[in-house]
Every structure is written in C-alpha cells, then in structure tokens.
Amino acid sequence: MIPKLSHNLSFPSPHSASPEGIVAYGGDLSPSRIMMAYRNGIFPWYSAGDPILWWSPDPRLILELEDFKLHKSLRKKIPHFEIRFDTVFSQVIHECSKIPRRKQEGSWILPEMAEAYETLHALGHAHSVEAYQEGLLVGGLYGVSVGGVFCGESMFARVSDASKVAFAVLIDHLKEWGYAFIDCQVPTPHLKSLGAVEVSRDIFLEKLAICSNQNVASRAWKE
C-alpha cells in the first residue's frame, strides 16, 4: 500500500517504493519538501487530476560527466548557438510544458509544478540552460542542483539539436564547476546514446549520498 504524506516534512524510504517506483502520494510542493525529496533520491511527477506522486524508480538513469558522448555531428553545431544560464527560467519551463510527448496526453509540468520550480529557481536550487539563435530562445533545459548532482527535469527544442547543444555545453560547465553526475531519472534511448547508463536504485542512492553534500564552484551558474 502506497503511503500518504502528512503535513510533517518527511518521506518514507525510497527503498519502500512500489514496483513502479512510487514512494508516496500527497503532501505539497513547498520548496522544503521538494528539496528534501531530491536529497533522498525522490522526485514529483504526476498528471492533472491525480494527487502529487513521489517517485524513486529502479533502475535509475544517470550520466557520469566523463562518460558523455559528444558526437562529431553535434560538436559542429555548437558554434551556431549562443548558450546562456538562468536568464529566462520561467520561459524555459513554460516551453518544456508545451512540447508534446510520445504516449503522453498533456504535460506533467502543470501550472502548480511550474510555479514550484520557479520558486526553487528564485532560491538558487533550480537552473535553466538556454540556446539562442539571432537573439531568439530556440531550445533549452532545466533541472535542480543537489550538491554535486544535477537532476535533469525536461528539455525542449524549436530548432533541430538546440536542446542537445545546450546539454553538451552544460556538461562542460558542470565538469568545470565540480559536479559529479547528472540524474536523468528514467531511461530514454536518446540519453543512453549520449552515454547515460541504468544503475540500480541502491547504487544511485549510494552515489547521491556521497555527492549531495559536495561543494561546487562559487561561480557555478553565473557564467
């Protein structure tokens, strides 16, 4: 039986998740609760009309920064974009919410989710990476920073490979800033093609525990 969260700021162990990976339901989207979730390897993901669902899937997809595969075709496209950080976070999450997803009706980035992550951004926890051409936003991604781990949430592209270029540039900066790996959450063929691998929940939680308290460069996200 999946437990319902109370008003107390706590979560069941991610090891108690259902076979699908659901740890609990209910609660709220306050910054404190969301960040507690991420620090414990849990994230919110639900559809309109459903209660808030909190997930910790097994297996988990992660990308060790040194394992990133920058294909030659993508490398050639990097100079065609200008990449910025944290300049239009709200616009990025709004664009991500509009992208149609295969086998999915509507978007899980509901208005209350967008508002919650905009608050996290204002507090310095959530970040965006933006790809521009001729001054126009054409792609990007956003996620949450937990110590030396970047938890990727969603990406969008209005121009071919815009989000891939943003991701590639992000990888270089994360390396410079002292991050350890990217939590990609659930497996996708695209992310696997870039070097991401599936690991067990146990291994993921062990790596997260080591890296979540890791300090990154003070200049991170300010370049």
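How many residues, within the stretch 69-101, are out of contact with any strand residue (DSSP E or B) (no Cβ under 9 Å at 6 or more places or on another chain), of a type outside the set (Lys, Arg) and touching a residue at least 12 places away in the same chain (Cβ under 8 Å)? Total satisfying the criteria: 4. Report yes if some residue within the stretch 84-93 is closer than 20 Å to residue 192 by Cβ, small (Gly, Ala, Ser) and not in a strand (DSSP E or B); otherwise report no. No, because not a single residue in the stretch 84-93 is closer than 20 Å to residue 192 by Cβ, small (Gly, Ala, Ser) and not in a strand (DSSP E or B). Somewhere in the stretch 49-68, is a residue aromatic (Phe, Trp, Tyr), touching a Phe, Trp or Tyr at 6+ places or on another chain (Cβ under 8 Å) and either assigned to a loop (DSSP other than H, G, I, E, B) or free of Cβ contacts under 8 Å to residues at least 24 places away in the same chain (or both)? No, there is no match, as no residue in the stretch 49-68 is aromatic (Phe, Trp, Tyr), touching a Phe, Trp or Tyr at 6+ places or on another chain (Cβ under 8 Å) and either assigned to a loop (DSSP other than H, G, I, E, B) or free of Cβ contacts under 8 Å to residues at least 24 places away in the same chain (or both).
Residue 8 meets each of the listed conditions (1) modelled with pLDDT of 95 or more; (2) not assigned by TED's automatic domain parsing to the domain that holds residue 128 apart from (1).
The values are calculated or read from the model by the stated rules, or taken from the named source; none is laboratory data. Since the structure is predicted, the reported quantities are computational estimates derived from the model, not experimental observations. For neighbour counting, all protein chains shown are included, and Cβ atoms are generated from backbone atoms with ideal geometry for every residue, glycine included.
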